[in-house]
Every structure is written in C-alpha cells, then in structure tokens.
1. Of all residues in the range 141-187, count the ones that are aliphatic (A, V, I, L, M), assigned to a loop (DSSP other than H, G, I, E, B) and touching a residue at least 12 places away in the same chain (Cβ under 8 Å).
2. Kindly indicate which of Ala161, Ala168 is modelled with pLDDT under 95, crowded, with 20+ Cβ neighbours inside 10 Å and under 25 Å from Ser121 (Cα atoms).
3. Report yes if some residue within the range 346-356 is surrounded by 18 or more Cβ atoms within 10 Å (Cβ to Cβ) and over 24 Å from Ile175 (Cβ atoms); otherwise report no.
4. Modelled with pLDDT under 95 and either of a type in the set (Val, Ile, Thr) or part of a strand (DSSP E or B) (or both): which single residue out of Val71, Val30, Val87 fits that description?
5. Test each condition in (1) in contact with a Gly (Cβ under 9 Å, 6 or more places away or on another chain); (2) touching a residue at least 12 places away in the same chain (Cβ under 8 Å); (3) surrounded by fewer than 15 Cβ atoms within 10 Å (Cβ to Cβ) for Cys301 and report the one that comes out false.
6. Would it be correct to say that Val330 is β-branched (Val, Ile, Thr), touching a residue at least 60 places away in the same chain (Cβ under 8 Å) and crowded, with 18+ Cβ neighbours inside 10 Å?
7. Has the range 56-73 got any residue that is among the hydrophobic types (A, V, I, L, M, F, W, C) and closer than 30 Å to Ser253 by Cα?
8. Could you check the range 1-53 and list, in sequence order, the residues that are at negative phi and free of Cβ contacts under 8 Å to residues at least 12 places away in the same chain?
Amino acid sequence: MIRAKAPGKLYIAGEYAVVEPGQPAVLVAVDRYLTVHLEVGEAASVGRVHSSAYERGPLVWAREQDGGRIVVAHDPRDYVISTLRTVDALRADRGLQPGYFDVRISSELEDTGGRKFGLGSSAAVTVAMIAALDEFYTLGLTQLERFKLALLATIAVSPRASGGDLAASTFGGWIRYTSPDRSALAEHLRSHGVTATMDAPGWAPFSVQPLPEPEELQLLVGWTGSPASTEILVAGVQHTGASYEGFLAESRSCVEDLVTALTTGETAATVDVVRRARRVLHHLEQVSGVRIETDMLRDLCQIAERHGAGGKPSGAGGGDCGIVLTPAAVSATGILAEWENHDIRHLGLLVHPPEGSQR
C-alpha cells in the first residue's frame with residue numbers, strides 16, 4: 001500500500017491575472033488534504049480508481065496489448081486519468097515496466113454532502129497521484145519535476161489552468177507564483193512528448209518563490225456554502241483591451257506590494273494590500289461584467305473591515321471562500337460571531353508548511 005496526500009490551497013492575491021504567463025500571485029497551502037491510497041493487486045489485468053466523484057462506481061482502466069497505452073472503460077475528462085497517462089508516458093520513456101494498481105481517493109476538501117470548499121481539489125488529487133506514482137515506479141522525481149508533471153497533466157484537461165494551485169499543493173507554505181506559457185507547453189507536449197517537455201526552455205516565465213508566514217497576522221477562512229466553477233468564471237473575464245491591461249497592471253502592483261510587506265514583516269501594510277486586492281477584483285467585475293464578489297462574500301469582507309482586518313474573495317469568487325488577515329490587536333471572536341449570523345462557515349484552517357520544514 002502506498003499513501004500520498006496533498007494539501008488544499010487559497011489565493012491571497014493575484015487570482016484571474018495569474019492565468020496570463022508571467023503575472024504573479026500569492027497563494028498559501030492549507031491543512032486540509034486529499035489522500036491517495038495506491039494498492040498493488042496480484043496478477044491484475046485492470047486497475048480501478050475509487051472516488052466519490054465517480055457516481056457509477058469505480059473507474060476501470062487497462063492497457064492496450066501493443067504499447068501498453070492506458071485505456072479507460074468510461075473515459076471522462078478527468079484529472080486522475082490524465083495524471084495516470086502523463087506519468088505513464090514518463091515511465092515508458094525511462095524504460096520501466098508498466099504495472100497495475102487500484103487507487104482509492106479520500107478528501108477533506110469538501111463537506112459531508114460532497115460540496116467542495118474551493119480549496120483546489122483538482123490540483124490536490126493531481127499532486128497526490130503524482131507523489132504516489134513516483135513512489136510506485138521509483139522515479140525519484142524532484143519537487144520541481146513533480147510540479148511540472150502535474151501541470152502537464154492538468155492542461156490536458158483544463159488549458160486555462162494557471163498552475164498556481166498545483167504549486168501551492170506541491171511546494172507548501174506561502175508562495176509567490178508566476179505561470180508559464182501553457183499554450184506553448186501544450187504544443188511542445190504534442191510534438192515531443194512528456195520527457196522532452198519537462199526539460200524544454202518554454203517553461204519561462206514560470207517561477208515559485210517561498211514567502212515568510214506573517215507571524216503577527218491570523219488567517220481566517222470563511223466558506224459561503226456556494227461552490228463556483230473556476231473554468232467558467234475565468235473564461236468570462238479573459239479578454240484584451242485597455243481596461244483588461246489596466247486590471248493586469250493593478251494586480252501585479254498589488255501582488256508585488258504584498259510580497260514586499262510579507263518579506264519585511266509589515267503587518268499594517270499587509271492588511272492594506274489585502275484590502276487593495278479586493279478593490280482590484282471589483283475593477284475586474286466592472287470591466288468584465290462577471291460577478292466575483294457575491295452577497296455573502298461581500299458580507300464576509302465588510303465584517304472583517306469593520307473589525308479592523310482585511311478581507312477579500314479567494315480564487316475565482318462567485319461563491320466558495322473568502323480570506324481575512326487579522327492583526328494581533330484585532331480579536332477574531334467578533335468577526336466569527338458575525339459570520340455565523342450571516343451563515344458564513346469558519347473553516348478553521350492552518351498553513352501547511354513548506355516541504356522539508358521542521359514544523
């Protein structure tokens with residue numbers, strides 16, 4: 001039995017803009033996890049993926065006799081299967097023998113009724129699957145290689161995906177992230193395959209920079225109970241023109257100021273930038289016509305600001321979560337009491353530390 005888990009994530013600033021190559025965002029990994037159990041059967045001729053996401057029962061996969069390509073009984077547009085195929089291509093390139101196994105997936109990234117919290121479950125399952133397959137095939141992947149495989153598997157399903165959630169789940173802690181040109185990578189992947197694409201120069205302007213966790217600030221996360229579709233929302237706001245370029249410039253400035261405030265430990269400046277980041281998303285709403293801050297997210301943020309904290313929607317908005325950074329002088333009790341009165345659920349999340357951290 002192989003067990004691998006990956007944490008969820010939250011955007012602190014830079015969402016939406018981060019889908020443009022080179023545009024920065026700040027994210028944090030959180031201590032809610034998706035876990036993959038990989039079990040090797042004896043003399044297996046098929047593999048199965050067990051997950052609550054598959055209403056018909058387990059997803060059954062096998063291999064073609066010629067070449068060993070993975071085929072699926074019911075082939076959905078699916079992150080798990082895309083990850084299996086991406087890692088399997090790397091296995092084949094390295095001349096390793098194929099294998100069969102069953103996968104069981106369990107998640108803390110949704111409530112008991114199956115509603116997702118908006119903590120990046122698709123990214124977490126991809127990252128956890130790669131960690132499990134890395135151990136199964138003894139690939140010896142570095143942290144960076146695991147991220148690259150995760151992004152290649154993801155863009156095969158969702159070409160617009162920035163990869164920020166994958167980076168948070170892979171590297172942990174607080175990070176500044178910029179995405180590569182995924183269109184160029186997808187084209188290189190089609191032409192040259194997985195191994196060559198992992199080493200291709202086209203990963204620029206991708207970057208991941210670890211950031212210090214703000215010691216004098218408490219992170220509060222509220223869930224509105226209304227899941228949102230990131231793909232649909234992102235598709236609605238992407239366009240060209242001066243107004244969109246203005247949004248990108250505002251977002252970049254906001255993120256860089258946040259990075260500076262976190263790096264220098266400036267508590268008041270960090271809270272101010274979070275409030276600015278909320279206004280940046282308001283600008284995007286105005287130029288796109290896509291509603292990002294729902295009534296409940298507005299309540300969440302306004303309650304935080306009344307108490308002297310800074311709050312904003314996290315990620316695509318349209319529901320899901322909002323984040324608040326609360327200075328030590330501000331009691332979280334009043335914020336949480338008002339959230340409860342507005343049916344906003346406090347998730348009580350902590351930061352998942354960076355890989356290799358002693359915490």
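The values are calculated or read from the model by the stated rules, or taken from the named source; none is laboratory data. The shown structure was predicted, so the numbers you read here are calculated from the model rather than taken from an experiment. Note that we place each Cβ from the backbone using ideal geometry, even for glycine, and neighbour counts take in every protein chain shown.
1. Number of matching residues: 3.
2. Working: Ala168 fails: modelled with pLDDT under 95.
Testing whether each residue is modelled with pLDDT under 95, crowded, with 20+ Cβ neighbours inside 10 Å and under 25 Å from Ser121 (Cα atoms) leaves just Ala161.
3. No; the residues of the range 346-356 include none that is surrounded by 18 or more Cβ atoms within 10 Å (Cβ to Cβ) and over 24 Å from Ile175 (Cβ atoms).
4. On the way: Val30 fails: modelled with pLDDT under 95; Val87 fails: modelled with pLDDT under 95.
Result of the check over Val71, Val30, Val87: Val71.
5. Only one criterion in (1) in contact with a Gly (Cβ under 9 Å, 6 or more places away or on another chain); (2) touching a residue at least 12 places away in the same chain (Cβ under 8 Å); (3) surrounded by fewer than 15 Cβ atoms within 10 Å (Cβ to Cβ) is unmet by Cys301, namely (3).
6. Working: β-branched (Val, Ile, Thr): yes; touching a residue at least 60 places away in the same chain (Cβ under 8 Å): no; crowded, with 18+ Cβ neighbours inside 10 Å: yes.
It is false that Val330 is β-branched (Val, Ile, Thr), touching a residue at least 60 places away in the same chain (Cβ under 8 Å) and crowded, with 18+ Cβ neighbours inside 10 Å.
7. no
8. Scanning the range 1-53 gives a single hit, Glu42.
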